[in-house]
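Input: a single structure, listed below in structure tokens.
The values are calculated or read from the model by the stated rules, or taken from the named source; none is laboratory data. Fair warning: this is a prediction, and the values are worked out from it, not measured in the lab. Using ideal geometry, Cβ is built from the backbone for each residue, glycine included, and neighbour counts are taken over all protein chains shown. What goes into the accessible areas is simple: the full protein's heavy atoms, side chains included, and nothing from ligands, DNA or RNA. Shrake-Rupley method; radii C 1.70, N 1.55, O 1.52, S 1.80 Å.
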Amino acid sequence: MAPGNMTQVTEFILIGVSHCPELQVPLFLVFLGIYVLTTMGNLGIITLTSVDPRLQTPMYFFLRHLALINLGNSTVIAPKMLSNFLAQKKTISYYACATQLAGFLVFIVAEIYMLAVMAYDRYVAICIPLRYLVVVSQRVCLLLVSLTYLYGLFTSIVFTLCVFSLSFCSSNVVNHFYCDITPLVALSCSDTYVTEILVFLSAGTNLVFSMSIVIVSYFNIVLSILRMRSSEGRKKAFSTCGSHMMAVTVFYGTLLFMYLQPGTNHSLDTDKMASVFYTLVIPMLNPMIYSLRNKNVKAALKSFMTNPCHSCKLM
């Protein structure tokens, strides 16, 4: 196509989760419920880990930031998704699409590494408990969290610029419910080879590196627990990392399912379903996983519900 014949795209149309008109209102209600539960659950975790003195440890500091990341990721995606269920014209402007992609990348990359940081925290707590407060000091906690956010921001800027430096000059219909890299690249009329290779290498590197930290940490944790003579000690050790192991399994399992699909079976519709899970469902499940399986969180919640003013005064 000659440059003179190109019409630059100024907005995109998001197909959404389903094409069926009769499903739009039921899906709106389902995803509204998911988003409300996500918001309430993660705000609850953030509040409890901020005000309750029993939750002022590195473990709950990292959990607070995981909840903040989950809330941010859902909030970047859900409001526009919900409005499109009820809208006749499901459009998003060019710059709003770029902003949504940037926000999504910040939070999804930060979540990948926050889970790795939390696995390292559990490794230190169980394998070298006497040095726990020295190795995972307040300064180290702040450094690890800062690096997680900064790397997420760096990745977001690089890949948002990569995607939106491409030309979109024909179709503007995005086969997704938010602006993601793969469906946007599929629409481009530019040469996307370099962008696709960079995305593949970055996604693979982030996944392998963060999963390596998680696997090595939990391998050492299991070995350390098996060496314990006391059955009560083993039970307590498993209980302190059980919630995190469950959250990690669900999150990485979803990403691996999407990333390791054979090319012949891979489709944007499959990506869409996996994306629903890790952008909306997992952020809703994480507060439940951590609160239902954690005695300290349940006790803090009970105390806060009974006397919230007293909990705040303790800080």
Exercise. If we sort 206-212, 47-53, 280-286 on the protection proxy, mean other Cβ atoms within 10 Å, highest first, what's the order?
Worked result: 280-286, 47-53, 206-212
Exercise. With charges only on Cβ, +1 for K and R and -1 for D and E, what is the dipole size of the chain about its Cα centre, in debye, rounded to 20?
Worked result: 1620
Seminar exercise, completed: Length-normalised contact order of the stretch 1-152, Cα under 8 Å, at least 6 apart, in percent, tallies to 30
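Once neighbouring chains are kept in place and the probe is 1.4 Å, which whole percent of the accessible area of the stretch 163-248 is contributed by carbon and sulfur?
Of all accessible area on the stretch 163-248, carbon and sulfur atoms account for 66 percent.
About the Cα centre, and with charges only on the beta carbon of Lys, Arg (+1) and Asp, Glu (-1), how big is the dipole of the stretch 133-234? Nearest 20 debye, please.
Using Cβ point charges on Lys, Arg, Asp and Glu, the stretch 133-234 gives about 640 debye.
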Exercise. Could you give the angle, 0 to 90 degrees to the nearest 10, between helix 138-164's Cα long axis and the longest principal axis of the Cα atoms of the chain?
Worked result: 10
Problem set entry | Per-pair calculated FRET efficiency, R0 = 30 Å: Ile215 and Thr99 via Cβ, rounded to 0.05 | 0.30
Seminar exercise, completed: Counting only protein heavy atoms and leaving out ligands, DNA and RNA, the solvent-accessible surface of Lys80 at a 1.4 Å probe, in Å² to the nearest 10, equals 60
Problem set entry | Solvent-accessible area per residue for the chain (1.4 angstrom probe, square angstrom) | 51
Problem set entry | Highest average packing first - 160-168, 15-23, Cβ atoms within 10 Å | 160-168, 15-23
Problem set entry | Options Thr160, Tyr113, Val134, ranked by Cα towards positive dipole end of the stretch 63-192, top entry (Cβ charges) | Val134
Problem set entry | Dipole of the chain, positive direction: furthest Cα of Val51, Ser170, Tyr95, with charges on the beta-carbon | Val51
Exercise. Given 0.36 nm per residue, what is the gain on full extension from Val173 to Tyr151 after removing their alpha carbon distance, in nm?
Worked result: 4.9 nm
Exercise. Along the charge dipole of the chain, which of Leu201, Ala299, Tyr35 sits closest to the positive end, that is, farthest toward it, with unit charges on the beta carbon of Lys, Arg, Asp and Glu (+1, +1, -1, -1)?
Worked result: Ala299
For this session: Could you tell me what percent of the accessible area of the stretch 1-149 is made up of carbon and sulfur, with a 1.4 Å probe and every protein chain present?
Result: 71
For this session: Relative to the longest principal axis of the C-alpha atoms of the chain, give the angle of the C-alpha long axis of helix 295-306, reported between 0 and 90° and rounded to the nearest 10°.
Result: 80
Exercise. Hey, can you rank 178-189, 116-127, 25-36 by average C-beta count inside 10 Å, highest first?
Worked result: 116-127, 178-189, 25-36
Exercise. So what is the 222 nm mean residue ellipticity for the chain from helices alone, if each DSSP H run of at least 4 adds -39500 (n - 2.57) and you divide by all residues, rounding to the nearest 500 deg cm²/dmol?
Worked result: -25000 deg cm²/dmol
Problem set entry | Between 0 and 90°, nearest 10: helix 193-227 axis offset from the chain longest Cα axis | 20
Problem set entry | Estimated inter-spin distance, Thr249 and Met228, nm [label 7 Å along Cα→Cβ] | 1.8
Exercise. Simple spin-label model, 7 Å along Cα-to-Cβ: Val158 to Ala186 in nm?
Worked result: 2.5
